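Reading through the structure tokens given below for one structure.
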Amino acid sequence: MSRQIETPPAEAVDYQEPFDADKVPPLSFSTGNLFQQCPHQYYRLKVAKDVKDDFSHPAALWGKRVHKALEDFLLGVTKELPDEFKQFSHYAHRLKQMEGDRFVERKMAVDASLKPVDFFDNRRARYRAIVDYLVIKGDTAYQIDHKTGKVKPSDQLAMSALPIFAKYPRVQQVKGALYWLKHDTYTKYEYKREEAPAMESKLFRPVITAVRNAAETGYWPRQPSALCAYCPVKDCEYHR
Ligand code: SF4
């Protein structure tokens with residue numbers, strides 16, 4: 001989440017004030033990326049809500065199916081992965097064998113002061129995350145996310161570490177791994193409790209502040225890129 005967005009200067013906004021949830025929904029890692037990719041696309045999908053993304057392209061459908069298969073297996077709904085995903089059995093079994101309090105698709109959120117709030121509390125929540133697989137053991141949380149794309153560095157797990165620290169006061173460190181399914185490889189991260197405020201202010205507050213500034217000024221510029229081909233805003237002049 002390092003790309004800079006050009007926004008016009010706006011009045012300083014009080015970050016601690018409750019946001020108008022209709023204008024600035026809580027930030028997740030994916031919606032932050034969406035805003036940074038193209039503020040206009042973000043506006044149409046998340047604020048105006050006059051466009052929906054049905055995620056119907058083949059890569060998205062495959063991603064949905066494999067997440068559901070892993071979710072069902074980890075919850076004990078199924079005893080094995082379907083044949084289509086047998087190649088991920090070793091990974092799924094390794095996850096299931098982890099010791100500790102285990103959670104699948106764990107939904108969590110924090111407010112502007114990094115206190116835990118209900119995931120669905122759109123007014124107070126600033127950041128929210130759904131962790132694919134979370135294990136709490138002693139003073140350590142392990143969070144694992146199944147990734148379907150190309151291997152790349154990401155601050156995704158830093159964002160989800162914020163509500164983990166908030167929700168579990170005994171957790172002093174979060175060890176995270178992105179598992180890149182198609183490459184059978186992990187990218188690992190580790191965060192300490194005392195690092196959380198700095199992570200928030202450095203990595204994510206600039207993004208949510210830029211979203212709020214856009215909402216205050218009504219300036220949601222189009223930002224054309226190669227991704228316009230997959231954009232659900234079909235009436236945009238850059239859509240191809
Ligand atoms: S087509 Fe491109 S420029 Fe237009 S809204 Fe979509 S991503 Fe933005």
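Can you name the condition, by its number, that Thr7 falls short on among (1) surrounded by 12 or more Cβ atoms within 10 Å (Cβ to Cβ); (2) modelled with pLDDT of 95 or more; (3) of a type in the set (S, T, N, Q)?
Checking Thr7 against (1) surrounded by 12 or more Cβ atoms within 10 Å (Cβ to Cβ); (2) modelled with pLDDT of 95 or more; (3) of a type in the set (S, T, N, Q), the one that fails is (2).
Would you pick out the residues in region 134-176 that are crowded, with 20+ Cβ neighbours inside 10 Å and farther than 18 Å from Ala109 by Cβ?
Across region 134-176, the qualifying residues are Tyr142, Ile144, His146, Lys147.
Quick check: anything in region 77-94 of a type in the set (D, E, K, R), at pLDDT 95 or above and surrounded by 14 or more Cβ atoms within 10 Å (Cβ to Cβ)?
No, region 77-94 has no match at all.
Among the helices (runs of 4 or more DSSP H) contained in region 36-116, which hold 2 or more residues that are among the basic types (Lys, Arg)?
On the way: elements: 39-42, 58-75, 89-96.
Ranges flagged: 58-75, 89-96.
Would you point out which residue out of Lys167, Lys147, Lys192, Lys188 is more than 16 Å from the ligand (Cβ to nearest atom), of a type in the set (D, E, K, R) and under 15 Å from the mean Cα position of the chain (by Cα)? Even if it seems obvious, please write down each step before you answer.
Details: Lys167 fails: under 15 Å from the mean Cα position of the chain (by Cα); Lys192 fails: under 15 Å from the mean Cα position of the chain (by Cα); Lys188 fails: under 15 Å from the mean Cα position of the chain (by Cα).
Within the list Lys167, Lys147, Lys192, Lys188, the selection yields Lys147.
Across region 206-240, what is the number of residues that are closer than 15 Å to Val47 by Cβ and without any contact (Cβ under 8 Å) to a residue 12 or more places away in the chain?
Residues that pass the stated criteria total 1.
Might you check whether a residue that is closer than 19 Å to Ala129 by Cα, hydrophobic (A, V, I, L, M, F, W, C) and modelled with pLDDT of 95 or more occurs anywhere in region 36-58?
yes
Does Ala210 count as within 16 Å of the ligand (Cβ to nearest atom), at negative phi and in contact with a Phe, Trp or Tyr (Cβ under 8 Å, 6 or more places away or on another chain)? Lay out the reasoning, then the answer.
Details: within 16 Å of the ligand (Cβ to nearest atom): yes; at negative phi: yes; in contact with a Phe, Trp or Tyr (Cβ under 8 Å, 6 or more places away or on another chain): yes.
Yes: the conditions hold for Ala210.
The values are calculated or read from the model by the stated rules, or taken from the named source; none is laboratory data. All values derive from a computational prediction rather than experimental measurement. Glycine gets a Cβ as well: all are built from the backbone with ideal geometry, and neighbour counts include every protein chain shown.
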